[in-house]
Structures are given as structure tokens and as C-alpha cells.
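Written out below as C-alpha cells is the structure these notes cover.
The values are calculated or read from the model by the stated rules, or taken from the named source; none is laboratory data. Keep in mind the model is a prediction, meaning the values are calculated, not measured. Positions of Cβ are generated from backbone atoms using ideal geometry, with glycine treated the same way; all protein chains shown enter the neighbour counts.
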Amino acid sequence: MTFSRRLVCALMVTLSPAAWASEHSSVPAEAAARAPERVVGFSASASLDVLQDWVSLSLAHQVEAADAAAVQRQLKQVLATALDRTRAPAAASQLELSTGAMQVSPRYDQSGRMNGWTGRAELILAGRDLAAVSELAGKVPGMTVAQVRWSLSPALRQQTAEQVQAQAVQRFRAKARALTEQFGFKDYSLREVQVSENGAGRPVQALMARSMSASAADGAAVPLEAGRSTVSVSVTGTVQLRP
């Protein structure tokens, strides 16, 4: 794993009530007196690059025919055969197997007139065992690889986020101590703090997609190579300096 650490610090020191009131004469003295003193706001962050360990393969079959019923019938046959071939080996390798989108729509010629129907069905293989996913995808009859999506498994994402969060909090505390000394105070107390993952407080998505045209019916394993995802955590807050 390659560590990529970033530290972002933005400082804001509030004026004392008296000074603030003198610069804003229209503000009542009572409101100025209630304004917090010696408050510093800043942020700290940490990040970590990790190798993606979860792959999701979308296999697709597309067909055209003169009527919608024929298209749907062919899609059902291909999908049923694919499921029969993959259920047992997917379960044995602890892979996730599911059907994806299935649609039938009109087909039009260059003049804009409908001249038939087209349809598409998907089968999705996913898991952490890249070799098993690759090998099984190459044995699905009548379907081609439409998309490969890489991400972090929930377990690895949580483990990485906890590690990065600990680093970000440690940096925040270190910055708070440094600022306390630099401003000439002896101690500080924590006022407010927000911890956000990937800088936005949302679960890590970190997905990579690649289009592929390789056939999955030739029996050969589908070549797969994982990318990397960056998990980042930011800690933003304010502290009150104490003499």
C-alpha cells in the first residue's frame, strides 16, 4: 500500500468581543459580549491508496428479430442457459451472481420507420476471487463482457477508513497543540468537530469502469487487473484557546 497523506489547514481566529464591537458599531454591546473569544478553526486530513479487491463483471447478450416476442424468447433462453452454467460454480467460489437489466425496444431504419425489435439481457458476476470471476466469465455461453467495475469490498473499505480516520484525528490534535503554543496559550478545549470520509461525509464509492468487447463464449478466462482507490478522511472543527 502506498500512503498519500495530505494536510489541509485553514485558520480562523475570532476577534475579542470589544475589538469586534469597535469595528461594528451598529452591533449591540450585549451581542458582542456573547461572541466567543480565542476560537481557532482549522482542518486536517489523511488519505491512503489501496488496491481494489472487488470486481463486478457485466456479461450481455443482444439480439434482433422481426417481432418483440421473438426477441424476448431468445433473451430468456440465453439467460436461462447462462444461469444454469454459472449457479453451481459461483456458489462454490463464493461469488455473487445476479441478473442485470433486460430490455426490448423497437428498431428503426435510416428513414425513421420501425423495422423490427432489438433486445439486451445482462448477467452479473461479482466477488473478491478475481481468478474465479475471470475463469467463470469465460465459460458463459452466448454472452460477451460488456463492463468491468472495480471497487473496494465493504470489509476493506471499513478497515481502511478506520485507519485513515485515526491518522486524520491525530493530525488534528497535533495541529491544535501547535496552534495553542504558537498563539501563546497553555491549553485548548474542543468546541466543535466534524469527521467526513472522502471529504464529503459519504460512503466511499471509488468505482472504475472499463468497456470491453472480448467474447465470453470462447472458454478463455477474461483478463483482469485491479486498479487503486483513495480513501480520504477530513477532520474539521474549532478549538478554544485557554491561558
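What number of residues within region 91-147 satisfy the criterion of being hydroxyl-bearing (Ser, Thr, Tyr) and in a strand (DSSP E or B)?
Adding up the residues that qualify gives 6.
Would you mind finding the one in Arg120, Arg177 that is at pLDDT 95 or above, under 22 Å from Lys76 (Cα atoms), in contact with a strand residue (DSSP E or B) (Cβ under 9 Å, 6 or more places away or on another chain) and among the charged types (D, E, K, R)?
The unique qualifying residue is Arg120.
Taking strands (runs of 3 or more DSSP E) that fall entirely within region 181-243, which contain at least 1 residues that are farther than 18 Å from Val148 by Cα and either in contact with a helix residue (DSSP H, G or I) (Cβ under 9 Å, 6 or more places away or on another chain) or modelled with pLDDT of 50 or more (or both)?
Numbers: elements: 187-197, 208-211, 228-242.
So the answer is 187-197, 228-242.
Can you tell me which of Ser98, Ser56, Ser45 is within 30 Å of Thr180 (Cβ to Cβ) and either surrounded by 18 or more Cβ atoms within 10 Å (Cβ to Cβ) or modelled with pLDDT of 95 or more (or both)?
On the way: Ser98 fails: within 30 Å of Thr180 (Cβ to Cβ); Ser56 fails: within 30 Å of Thr180 (Cβ to Cβ).
Only one candidate passes the filter, namely Ser45.
Taking region 116-155 on its own, how many of its residues are small (Gly, Ala, Ser) and in contact with a Lys or Arg (Cβ under 7 Å, 6 or more places away or on another chain)?
Number of matching residues: 2.
I'd like the full set of residues that are more than 28 Å from the chain's Cα centre (by Cα) and touching a residue at least 60 places away in the same chain (Cβ under 8 Å), limited to region 77-122.
Val78, Thr81, Ala82
Name every residue in region 148-164 that is assigned to a helix (DSSP H, G or I) and either aliphatic (A, V, I, L, M) or buried (at least 18 other Cβ atoms within 10 Å of the Cβ) (or both), in order of residue number.
Residues satisfying the conditions are Ala155, Leu156, Arg157, Thr160, Ala161, Val164.
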